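Taking it in order: structure first as structure tokens, then the write-up.
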Amino acid sequence: MTYLAKPKFHHPALPKNALGYTHRDYEGSISTLCAGCGHDSISAAIIEACFELAIAPHRLAKLSGIGCSSKTPTYFLGQSHGFNSVHGRMPSVLTGANLANRELIYLGVSGDGDSASIGFGQFAHAIRRGVRMVYIVENNGVYGLTKGQFSATADRGSKSKRGTVNRDAPIDLVGIALQLGATFVARSFSGDKEQLVPLIEAAIQHEGAAFIDVVSPCVAFNNHAGSTKSFDHVRAHNEAVNRLDFVTPRAPIEVSYAPGTVELVEQHDGSTIALEKLAADYDVTDRLAAMSYLQTHSAQGHIVTGLLYVDREPEDLHRHLDTVETPLNALGESDLCPGAAALDAINAGLR
Ligand SMILES: Cc1ncc(C[n+]2csc(CCOP(=O)(O)OP(=O)(O)O)c2C)c(N)n1
Ligand code: SF4
Ligand SMILES: [Mg+2]
């Protein structure tokens, strides 16, 4: 239950990261989600990524909307900042927080209902503005919390648990994110930790709007035959374009892939994404080609996963607005109110 805190004690030999923290320091309360829910695996991947990157928990803010997916921030990073907003409103709260304090890492966690229906406009504008964040949609094709109605990401022709066929066209959030200018776009599967953890690590280090759509089966309402978001369907149709290792600026580049199959994508902060190319013709830096590849393969019933697009030189909202380096919440009164003389000078300049 959510109110049950996890015991603090742990085995003294648990591995520690560069800050001396163990995995336990990145956990949250005990999950109240259904046993086997894909969302819990995503929480585990977030914990693993933050442990690996040795993030100080107080440097991260996790924000969410409403839904089973949006409940999950309670179950990880219990020592980080958190804000559980209104249904579909996480992106604007995150944007405001980011503008006030640019020094935190912003992790937005949302659902397909939260982001593709009521929050679709909010999602679009946060991406379009280039807010520096990691935006994760835990995509199960249904409104899990309200008992399994089709969401806007449900595929046309897919069947509900009771046999109703979805006649509406789906929204592909990855396609939308690409079109709106996200500078890091990926899709993964909650059941593929090996792919998901380095994707989250790379997204955290990315200096722009990073979007990850994670197909995350709902075992209670959307894991039957006829669903295109079930564990079996995703495993059978998953087509990864690449596998990746994330290498921090400090670490030497050592990757396990066969020589000649690796592409190194250096990011602005000095970190490197080592990509094993599984689709030989896939260029991760070509936005237009990515959009076309996704459409073609989705029409064939494939679920394309991996790092789909990355801009090596991203820009974010602060760059667009030309804000000062000092976080706005740390500016003093003399910076914020420069006085009557400065105001007179501005007014004189406008006459
Ligand atoms: C303004 C408002 N409208 C509707 C609801 C009811 N509601 C709660 S969660 C939800 C959908 C959740 O779906 P999703 O975001 O996909 O999360 P999941 O539970 O599937 O992880 C809805 C419609 C609400 N809480 N607030
Ligand atoms: S209803 Fe579905 S999405 Fe919600 S906790 Fe259960 S399995 Fe997960
Ligand atoms: Mg959902």
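Quick notes
- Among the candidates Ser271, Ser256, residue that is modelled with pLDDT of 80 or more, more than 16 Å from ligand 2 (Cβ to nearest atom) and of a type in the set (Ser, Thr, Tyr): Ser271
- Close Cβ contacts (under 7 Å, 6 or more residues apart or on different chains) running from residues in segment 84-104 that are among the basic types (Lys, Arg) to residues that are buried (at least 17 other Cβ atoms within 10 Å of the Cβ) comprise Arg89/Gly65; Arg89/Gly119; Arg89/Gln122; Arg102/His318.
- Among the candidates Val219, Val234, Val174, residue that is within 16 Å of ligand 2 (Cβ to nearest atom), in a helix (DSSP H, G or I), over 30 Å from Ala56 (Cβ atoms) and of a type in the set (A, V, I, L, M, F, W, C): Val234
- Test result for Tyr75, under 30 Å from Gly130 (Cβ atoms), away from ligand 3 (no atom under 16 Å from the Cβ) and surrounded by 13 or more Cβ atoms within 10 Å (Cβ to Cβ): yes
- If you filter segment 69-102 down to residues that are in contact with a Phe, Trp or Tyr (Cβ under 9 Å, 6 or more places away or on another chain), of a type in the set (A, V, I, L, M, F, W, C) and closer than 21 Å to Arg319 by Cβ, you find that the one that is farthest from ligand 1 (Cβ to nearest atom) is Ala97.
- Test for Asp311: is it closer than 19 Å to Val134 by Cα, modelled with pLDDT under 95 and within 19 Å of the chain's Cα centre (by Cα): no
Results for (1) within 16 Å of ligand 2 (Cβ to nearest atom); (2) assigned to a strand (DSSP E or B); (3) more than 22 Å from Ala299 (Cβ to Cβ); (4) out of contact with any Leu (no Cβ under 9 Å at 6 or more places or on another chain), shown as yes or no for each residue.
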| residue | (1), (2), (3), (4) |
| --- | --- |
| Ala116 | yes, no, no, no |
| Phe123 | no, no, yes, no |
| Ala126 | no, no, yes, no |
| Ile136 | yes, yes, yes, no |
| Arg156 | no, no, no, yes |
| Arg162 | yes, no, yes, yes |
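- Restricting the first member to segment 149-172 and to residues that are closer than 12 Å to His224 by Cα, and the second to residues that are charged (D, E, K, R), the beta-carbon pairs closer than 8 Å and six or more apart or on different chains are Ser158/Lys229.
- Single residue of segment 138-154 satisfying the filter (within 20 Å of Ile212 (Cβ to Cβ) and either among the hydroxyl-bearing types (Ser, Thr, Tyr) or part of a helix (DSSP H, G or I) (or both)) that is farthest from ligand 3 (Cβ to nearest atom): Thr153
- One residue from Glu276, Glu313 being acidic (Asp, Glu) and in contact with a Ser or Thr (Cβ under 8 Å, 6 or more places away or on another chain): Glu276
- Residue in segment 179-187 that is touching a helix residue (DSSP H, G or I) at 6+ places or on another chain (Cβ under 9 Å), assigned to a loop (DSSP other than H, G, I, E, B) and touching a residue at least 60 places away in the same chain (Cβ under 8 Å) present: yes
- When Cys68, Cys34, Cys50 are screened for being more than 16 Å from ligand 2 (Cβ to nearest atom) and either modelled with pLDDT of 95 or more or hydroxyl-bearing (Ser, Thr, Tyr) (or both), only Cys50 passes.
- Criterion violated by Thr72 - all others in (1) among the polar types (S, T, N, Q); (2) over 22 Å from Tyr106 (Cβ atoms); (3) in contact (Cβ under 8 Å) with a residue 60 or more places away in the chain satisfied: (2)
- Residue within segment 128-145 that is more than 10 Å from ligand 1 (Cβ to nearest atom), of a type in the set (D, E, K, R) and surrounded by 17 or more Cβ atoms within 10 Å (Cβ to Cβ) present: yes
- Residue list for segment 39-56, restricted to those being more than 16 Å from ligand 3 (Cβ to nearest atom) and either in contact with an Asp or Glu (Cβ under 7 Å, 6 or more places away or on another chain) or of a type in the set (A, V, I, L, M) (or both): Ala44, Ala45, Ile46, Ile47, Ala49, Glu52, Leu53, Ala54, Ile55, Ala56
- Considering residues of segment 205-245 that are touching a helix residue (DSSP H, G or I) at 6+ places or on another chain (Cβ under 7 Å) and surrounded by fewer than 23 Cβ atoms within 10 Å (Cβ to Cβ) only, the residue nearest to Ile105 (Cα to Cα): Asp245
The values are calculated or read from the model by the stated rules, or taken from the named source; none is laboratory data. Since the structure is predicted, the reported quantities are computational estimates derived from the model, not experimental observations. Counting neighbours? That spans all protein chains shown, and the Cβs are built from the backbone with ideal geometry, glycine included.
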